[in-house]
Amino acid sequence: MSHSRARGFTLIELMIVVAVIGLLAAVAYPSYADSVRKGQRAQGRAALADLMLQQERYMTQRNCYLGFVTSAAGVPSPSAPVPATACGGLTPADVPMKAYSGDTLDQAAYLLSAGACTGAGIDECVRLVATPRFVDPEVGTLVVTSTSLKDCTGTAQTANFRKCWP
């Protein structure tokens, strides 16, 4: 009389596999999330660099920078009317600059805005701000000025500034 043994997994074997997968996910997910955040930050820094080039081009054409704010919906609008004496009397009806990072607004990690630097007029210095559309307590908002000052508002501002601006 031969006994045939049932084939398959026992409950204990299945629980061990589930525990191993859970352990791997607990280790891998934070690393993945950190990598995604690093990529988004790089996208924000690149968008600020591109916007600074656009602002410098605007400055050479009109002798002032263009201040604008961007709504949560990603729509930019001039932050203040440009005086008729400034910029050769030219006042744009809309902002001719890209106001978000990335290729499309839907995928943008940051919304951009521009304004005068502290203690200076918009015809002297521009301060560009990239506000994240995701939670980033380490870096927060990225800031750069036309005088090459760089800053951020997160905890890395004092603890590890290289996370803001490597």
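According to the Cα gyration tensor, what semi-axes, each the square root of 5 times an eigenvalue, does the equivalent ellipsoid of the range 1-68 have, listed from largest to smallest in whole Å?
Each semi-axis is √(5λ); the values are 63, 10, 6 Å.
Taking the Cβ of each residue in GLU13, GLU138, GLU124 as the centre, tally the other Cβ atoms inside 10 Å and list the residues starting with the fewest.
Fewest to most other Cβ atoms nearby, the residues stand as GLU13, GLU124, GLU138.
Name the residue, out of ALA130, ALA73, ALA25, whose mean-square fluctuation peaks in a Gaussian network model built on the chain with Cα pairs under 10 Å.
Sorting by GNM fluctuation, first place goes to ALA25.
In debye to the nearest 20, how big a dipole does the range 11-163 give about its Cα centre with +1 on each Lys and Arg Cβ and -1 on each Asp and Glu Cβ?
For the range 11-163, the charge dipole is close to 240 debye.
Could you pull out every residue, at least 5 positions away or on a different chain, whose amide H is within less than 5 Å of the one on PHE68? Hs are placed 1.01 Å off N in the peptide plane, and Pro or chain starts have none.
Here the answer is SER79, ALA114, GLY115, since their amide H atoms fall under 5 Å of that of PHE68.
With a 10 Å radius around each residue's Cβ, average the other Cβ atoms per peptide and rank 28-40, 147-159, highest first.
147-159, 28-40
Please list the non-local residues whose amide H lies under 5 Å from the amide H of VAL126, H modeled 1.01 Å from N, same-chain partners needing a gap of 5 or more.
CYS117, SER146, THR147
Please work out the C-alpha center-to-center distance from the range 24-38 to the range 87-166 and express it in whole Å.
27 Å
With the Cα gyration tensor of the range 103-146 giving a ≥ b ≥ c as the square roots of its eigenvalues, does the rule (a/c under 1.5 for rounded; else a/b larger than b/c for prolate; else oblate) give rounded, prolate or oblate?
The shape class here is oblate.
How are the C-alpha pair distances of the chain spread across 5 Å bins, as whole percents from the shortest bin up?
2, 8, 14, 16, 14, 11, 7, 5, 4, 3, 3, 3, 3, 2, 2, 1, 1, 1, 0, 0, 0, 0
Which residue fluctuates most in the GNM of the chain (Cα springs below 10 Å): MET52, MET97, MET15?
The residue that fluctuates most here is MET15.
Just want the answer: with Cβ charges of +1 for Lys and Arg and -1 for Asp and Glu, which residue in LEU112, ALA19, ALA72 is farthest toward the dipole's positive end in the chain?
Working it through, the farthest residue towards the positive pole turns out to be ALA19.
Values in this text are rule-based calculations from the coordinates and carry no lab data. Note that the structure is predicted; figures quoted are calculated from it, not measured. So basically every Cβ, Gly included, is an ideal-geometry build from the backbone, and we count neighbours across all protein chains shown.
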